[in-house]
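Working notes, structure below.
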Amino acid sequence: KAGVTQTPRYLIKTRGQQVTLSCSPISGHRSVSWYQQTPGQGLQFLFEYFSETQRNKGNFPGRFSGRQFSNSRSEMNVSTLELGDSALYLCASDQDGLYGYTFGSGTRLTVV
Amino acid sequence: TQLLEQSPQFLSIQEGENLTVYCNSSSVFSSLQWYRQEPGEGPVLLVTVVTGGEVKKLKRLTFQFGDARKDSSLHITAAQTGDTGLYLCAGLYGNQFYFGTGTSLTVIP
């Protein structure tokens, strides 16, 4: 069974640009969640998608957005990047969002 | 404000020693998970506990869910260098998981 795949693994962007990250969940998993991880704040919840609908949203500004496609693959977008957006972005999938996650390896975003 | 507080934040021990890390909250959770994360990788789910007072064992790791489902502990017996990593607890509150602050464990050979 393939795991959760996140692309790209590493990304360097300039302040003010926008970025799109991709996540392919485990086959059959309908829930996809996104987290931002930084040394100071730990794992912070961004949003969760279930069957193409945003089911939960964390306390992040509107610059952070996401979507889920009919095949459960998900993307998240960050517009107008700021230096503070530098972080490890983790995608996690679950069958129904209630059992426990399988995480991807993450995308390391560096904003310069 | 963190819903789940973990202690200690950092722990450095010698190989072969025993240790316990804690995950505490004032909120009641439907279930609680423990994860281990290695540098540059995503967290890996170790266990899910659901029932108050539940104890689960995974080889040298023992997980306990508090009777009131507000706290949990992870005990490692005879730690090995391969146990090194960031240990995270996560509680299901409503329909969302909330992660703890993490305990960074280093096992010295």
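Any read-out appearing in this document is the output of simple, stated calculations on the displayed coordinates, not a laboratory observation. This is a predicted model, so every value here is computed, not measured. Cβ sites come from the backbone with ideal geometry, for glycine too, and all protein chains shown count toward neighbours.
With region A:16-61 as the region, which strands (runs of 3 or more DSSP E) entirely inside it contain at least 1 residues that are among the basic types (K, R)?
The qualifying strands (runs of 3 or more DSSP E) are A:53-57.
B:E38 - would you say it is at negative phi, of a type in the set (D, E, K, R) and either surrounded by fewer than 18 Cβ atoms within 10 Å (Cβ to Cβ) or within 14 Å of another protein chain (Cβ to nearest Cβ) (or both)?
For B:E38, the condition - at negative phi, of a type in the set (D, E, K, R) and either surrounded by fewer than 18 Cβ atoms within 10 Å (Cβ to Cβ) or within 14 Å of another protein chain (Cβ to nearest Cβ) (or both) - is met.
Restricting attention to region B:41-88, which residues are within 14 Å of chain A (Cβ to nearest Cβ) and polar (S, T, N, Q)?
Answer for region B:41-88, where residues must be within 14 Å of chain A (Cβ to nearest Cβ) and polar (S, T, N, Q): B:T48, B:S72.
Can A:S72 be described as out of contact with any Leu (no Cβ under 9 Å at 6 or more places or on another chain), among the small types (G, A, S) and assigned to a loop (DSSP other than H, G, I, E, B)?
For A:S72, the condition - out of contact with any Leu (no Cβ under 9 Å at 6 or more places or on another chain), among the small types (G, A, S) and assigned to a loop (DSSP other than H, G, I, E, B) - is met.
Within region B:89-109, work out how many residues are surrounded by fewer than 21 Cβ atoms within 10 Å (Cβ to Cβ), aliphatic (A, V, I, L, M) and either within 11 Å of chain A (Cβ to nearest Cβ) or under 30 Å from A:R55 (Cβ atoms) (or both).
Looking only at that region, the number is 1.
Can you confirm whether A:S72 is within 14 Å of chain B (Cβ to nearest Cβ), buried (at least 16 other Cβ atoms within 10 Å of the Cβ), of a type in the set (G, A, S) and under 14 Å from the mean Cα position of the chain (by Cα)?
Judged against the criteria, A:S72 is not a match.
Cβ-Cβ under 8 Å, sequence separation 6+ or interchain: first residue in region A:27-50 and within 9 Å of chain B (Cβ to nearest Cβ) and buried (at least 21 other Cβ atoms within 10 Å of the Cβ), partner in a strand (DSSP E or B) and hydroxyl-bearing (S, T, Y). Which pairs?
Partner pairs satisfying both residue conditions: A:S33/A:Y49; A:S33/A:S93; A:Y35/A:Y89; A:Q37/A:Y89; A:L43/A:Y35; A:E48/A:S31; A:E48/A:S33.
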